[in-house]
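Asker: Mind having a look at this structure? Questions to follow.
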Amino acid sequence: MVEMIDTHVNRKEHDNIKWQVLKDDASLLPMTIADMDIATPKFIRDALQTVLDDKVLGYTAPSDAFYQSIIAWEQGHHAVTLTPEQIILMPGVVTGLSLAVRRLTQRGDQVIVMAPYYPPYEQVVTDNGRKMVKLSLVQREGQYVIDFDRLATLMSDPITRAIIVCNPQNPGGRVWTNAELQRITELASQHKVFILADEIHDDTTFSDAYPVSMLSDLMGPEAAEQTVLLKSATKAFNLAGVKASYLATKNPRLLAVLKRAATAEQLEELNTFGLVSTQVAYEQGAEWLAEVNQYLEENRNLAYAYINEHIPRIKPMYPEATYLMWLDFMAYGVTDKQLDQALREKGHLCLNPGIDYGEEGHGFMRLNFAVDRDVLKEALHRLQVFDRDM
Ligand SMILES: Cc1ncc(COP(=O)(O)O)c(C=O)c1O
């Protein structure tokens, strides 16, 4: 039986990051961060309750069934064929990225990051003593595209060792096409650059685009040779707080290095709730996910149409996937700080400032539309109030 999704959640009393802003100003409506104000599915909460009912939260080991749940999901939803040995468990995708950067590149090496970018990319590169080189995404017909000439130049630099490819892209919401991914692969292969494929958002998809995994059978052996896939069930099933993810590679040399590193740092010992929720999500979650994605698609369409029609000074990018909408406020001609302040003071609305995603995010704000539809309508109304007052 398909479980109805539950959008009536009250997170105000808890220490979640999103709703903390109310401590400073109770009038604010936060539409920030990348988790959902939609209940984590009941079948997952029930599985966790069963663990609690056993009364002991001792050490838990990943079972064969756990690995099989990942393998079946990746095969069924992304045409990624994996063996259990090719999977390395990680507390988080960012932890996995940091590990890959440290173990597959040397100090002083360059890592390419498409900009605007998910902010922790900068930390995992620069705080590990590597140099982040930005590939500024170019806007064409209201969407980001890749400047392949610039990418070729960056790739050909002998100290470039890796590129982070976020697909679907956060914050722009682009789903890179097969052709774009193939071109990245060709360049990476030619210049022996590793592809760190952050595909954490690739289960939040809509009817008009479906992301191809870098590690999918469709991409072929060249991509497989260069790629480390970073993935989790946490975005699509709203499990970010359980901290459970995995990385996978088909390149035996990379696998050996990363496996040894994960063992050295004892990273594969996932917490009990992470193991249970990931397995149950992948074993039982397909129908729930289809339902929630349908709801999110309707939210996306509503927000996109509403802003275009009623608040034309704000230019939304059309998110082909993810529950994040990237909004261009450049027409207001204010600084990023003034924009954030005005949204809070005039609209009582809190969005993620685009400038946090690199200079390329100047003048932008990111809106999370994974909320109850009435809350989304209220947020859009507040945006309009802000607009009228500017
Ligand atoms: C692109 C991207 N990668 C990684 C993460 C975080 O992953 P984790 O919590 O597993 O470290 C996020 C969270 O927003 C994200 O948007």
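The values are calculated or read from the model by the stated rules, or taken from the named source; none is laboratory data. All values derive from a computational prediction rather than experimental measurement. Cβ placement follows ideal geometry from the backbone for every residue including glycine, while neighbour counts extend to all protein chains displayed.
Asker: For TYR67, are the conditions met, namely being of a type in the set (Phe, Trp, Tyr), within 15 Å of the ligand (Cβ to nearest atom), at pLDDT 95 or above and within 24 Å of THR205 (Cα to Cα)? Break it down into steps so the answer makes sense when it comes.
Answerer: Details: of a type in the set (Phe, Trp, Tyr): yes; within 15 Å of the ligand (Cβ to nearest atom): no; at pLDDT 95 or above: yes; within 24 Å of THR205 (Cα to Cα): yes.
No: the conditions fail for TYR67.
Asker: Which is away from the ligand (no atom under 11 Å from the Cβ), touching a residue at least 24 places away in the same chain (Cβ under 8 Å) and touching a helix residue (DSSP H, G or I) at 6+ places or on another chain (Cβ under 9 Å), of ILE164, ILE195?
Answerer: Exactly one residue qualifies, and that residue is ILE195.
Asker: Please specify each residue of the stretch 343-377 satisfying the condition of being in a helix (DSSP H, G or I), in contact (Cβ under 8 Å) with a residue 60 or more places away in the chain and in contact with a strand residue (DSSP E or B) (Cβ under 7 Å, 6 or more places away or on another chain).
Answerer: ARG344, GLY354, GLU360
Asker: Next question. Look through VAL113, VAL80 and report the one residue that is surrounded by 22 or more Cβ atoms within 10 Å (Cβ to Cβ) and away from the ligand (no atom under 15 Å from the Cβ).
Answerer: VAL80
Asker: Follow-up. Across the stretch 33-64, what is the total count of residues that are of a type in the set (A, V, I, L, M, F, W, C), within 24 Å of GLU287 (Cα to Cα) and within 16 Å of the ligand (Cβ to nearest atom)?
Answerer: 3
Asker: Taking the options THR204, THR272, name whichever one is within 12 Å of the ligand (Cβ to nearest atom) and either surrounded by fewer than 24 Cβ atoms within 10 Å (Cβ to Cβ) or hydroxyl-bearing (Ser, Thr, Tyr) (or both).
Answerer: Sole residue among the options that is within 12 Å of the ligand (Cβ to nearest atom) and either surrounded by fewer than 24 Cβ atoms within 10 Å (Cβ to Cβ) or hydroxyl-bearing (Ser, Thr, Tyr) (or both): THR204.
Asker: Ok, one more. Please find, within the stretch 215-237, the residue that is nearest to the ligand (Cβ to nearest atom) out of those that are hydroxyl-bearing (Ser, Thr, Tyr) and under 16 Å from ALA100 (Cβ atoms).
Answerer: Going through the qualifying residues, I end up with SER232.
Asker: What's the total number of residues in the stretch 238-257 that are away from the ligand (no atom under 16 Å from the Cβ) and either buried (at least 23 other Cβ atoms within 10 Å of the Cβ) or among the polar types (S, T, N, Q) (or both)? Break it down stepwise before answering.
Answerer: As a first pass, look at the stretch 238-257 and keep what is away from the ligand (no atom under 16 Å from the Cβ): 249-257.
Still in the list and also either buried (at least 23 other Cβ atoms within 10 Å of the Cβ) or among the polar types (S, T, N, Q) (or both): 249, 251.
Going through the stretch 238-257 one residue at a time, the tally reaches 2.
Asker: Being assigned to a loop (DSSP other than H, G, I, E, B) and modelled with pLDDT of 95 or more, is that true of even one residue in the stretch 253-262?
Answerer: No, that holds for no residue.
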